[in-house]
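A.B. asks: Provided herewith is a single structure, encoded as structure tokens, for subsequent inquiry.
The values are calculated or read from the model by the stated rules, or taken from the named source; none is laboratory data. Keep in mind that what you see is a predicted model, and the values were worked out from it rather than measured. Quick reminder, even Gly has a Cβ in these numbers, built from the backbone with ideal geometry, and neighbours come from all protein chains shown. Accessible surface is based on the protein model in full, side chains and every heavy atom, while ligands, DNA and RNA are left aside. Shrake-Rupley method; radii C 1.70, N 1.55, O 1.52, S 1.80 Å.
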Amino acid sequence: MRHILTPQDFSVSELDSLFNLAADIEANPKKYANACRGKKLATLFYEPSTRTRLSTETAMLNLGGSTMGFSDASNSSVSKGESVADTIRTVSCFADIAAIRHPKEGAAMVASQVSGIPIINCGDGGHQHPTQTLTDLMTIRSLKKRLNNMTIGLCGDLKFGRTVHSLISAMSRYDGIRFVFISPDELKVPDYVIEMLESKGILYDEVIKLDDVITRLDVLYMTRVQRERFFNEEDYIRLKDFYILTRKLMRKAKNDMYVLHPLPRVNEISVEVDSDPRAAYFQQVQYGVYVRMALILTLLGIHVNEDGSVTEKTV
């Protein structure tokens, strides 16, 4: 049985195959409309989510399957003290595959160790968010036509941002990547990420001002300052509007520099930027559906033939 807990659970060649499948799903949605008929996805969201939960559920529905689960842990037996391990053992009796989001690092790993069905990690604390990373990679590949030889700027909350940590880890496997980390000192990339990059000889810069580096970037990945990760409300208020991407700033960027954002957005991207053709964050959401459809098929071992018929194999 196979799970996805981090982006590294798939090799680069496997990622290429996954993105090729997602691209075929985008081009031929009717072909895949019944691929998961009779299959059930459980979404176990212990933490609030809009895009990730709905995108994952939409992916299964688009494949002809069905969904179950909870979007609020207080409405489940968790409120009675049930552990993650016991919850997933129970859900394994009902569903064919499960997607879990949890505020604690390592929760998805715990689930995978006892699960009788494939587990999709949809975010565990400040650690990893692999399905968002797959979405990010698919978006970059589709827009830039490559995943190598580029400079990627990551701006905002680089300390607590699990999407940032996952994307850095995933992109570090491609050739010719250079990172520019843009954040205040309080929200810098964790040391373990820097140590990983240095061990691989990957170039990076750490700066405070976005204005100083935006002309160099091929991709700009904006993030919000996450209120829910702060212990001190005063620190959050002081940092929440540290970066605001405006139309004026975008004039300095390359004509083919795309802006990504895992969403939700607060104030870090001005709404006036939405009309810029380089603003790709809502395209990102759509790519997320195709990627999750491809991921569900892959983890369930379902191959869709040209005529729409299905072949299942043991994964």
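A.B. asks: Looking only at residues that are modelled with pLDDT of 95 or more and small (Gly, Ala, Ser) in region 88-110, which one is surrounded by the fewest Cβ atoms within 10 Å (Cβ to Cβ)?
C.D. replies: Ser92
A.B. asks: Hey, any hits in region 223-243 for a residue that's part of a helix (DSSP H, G or I), modelled with pLDDT of 95 or more and surrounded by fewer than 16 Cβ atoms within 10 Å (Cβ to Cβ)?
C.D. replies: no
A.B. asks: Which of (1) among the charged types (D, E, K, R); (2) open to solvent by 30 Å² or more (accessible area, probe 1.4 Å); (3) within 19 Å of Ile4 (Cα to Cα) does Arg292 not meet, given it meets every other one?
C.D. replies: Unmet condition: (2).
A.B. asks: State which residue pairs qualify: first residue assigned to a loop (DSSP other than H, G, I, E, B) and inside region 263-275, second residue buried (at least 19 other Cβ atoms within 10 Å of the Cβ) and of a type in the set (Ser, Thr, Tyr) in any location, beta carbons under 7 Å apart, and separation of 6 or more residues or different chains.
C.D. replies: Leu263/Tyr281; Glu268/Tyr243
A.B. asks: So, of the residues in region 62-75 that are assigned to a helix (DSSP H, G or I) and surrounded by fewer than 15 Cβ atoms within 10 Å (Cβ to Cβ), which turns out to be modelled with the highest pLDDT?
C.D. replies: Checked region 62-75; the qualifying residue modelled with the highest pLDDT is Ser74.
A.B. asks: Here is a list: Ala59, Ala85, Ala23. Which entry is surrounded by 20 or more Cβ atoms within 10 Å (Cβ to Cβ) and hydrophobic (A, V, I, L, M, F, W, C)?
C.D. replies: Ala59
A.B. asks: Given the condition over 24 Å from Asn267 (Cβ atoms), touching a residue at least 40 places away in the same chain (Cβ under 8 Å) and touching an Asp or Glu at 6+ places or on another chain (Cβ under 9 Å), answer yes or no: does some residue in region 178-196 qualify?
C.D. replies: Looking through region 178-196, none of the residues is over 24 Å from Asn267 (Cβ atoms), touching a residue at least 40 places away in the same chain (Cβ under 8 Å) and touching an Asp or Glu at 6+ places or on another chain (Cβ under 9 Å).
A.B. asks: Tell me the residue from Ser142, Ser169 that is part of a helix (DSSP H, G or I), open to solvent by 10 Å² or more (accessible area, probe 1.4 Å) and in contact with a Pro (Cβ under 7 Å, 6 or more places away or on another chain), please.
C.D. replies: Ser169
A.B. asks: Tally up the residues in region 172-197 that are under 18 Å from Asp212 (Cα atoms), part of a loop (DSSP other than H, G, I, E, B) and either open to solvent by 20 Å² or more (accessible area, probe 1.4 Å) or aliphatic (A, V, I, L, M) (or both), please.
C.D. replies: Qualifying residue count for the region: 1.
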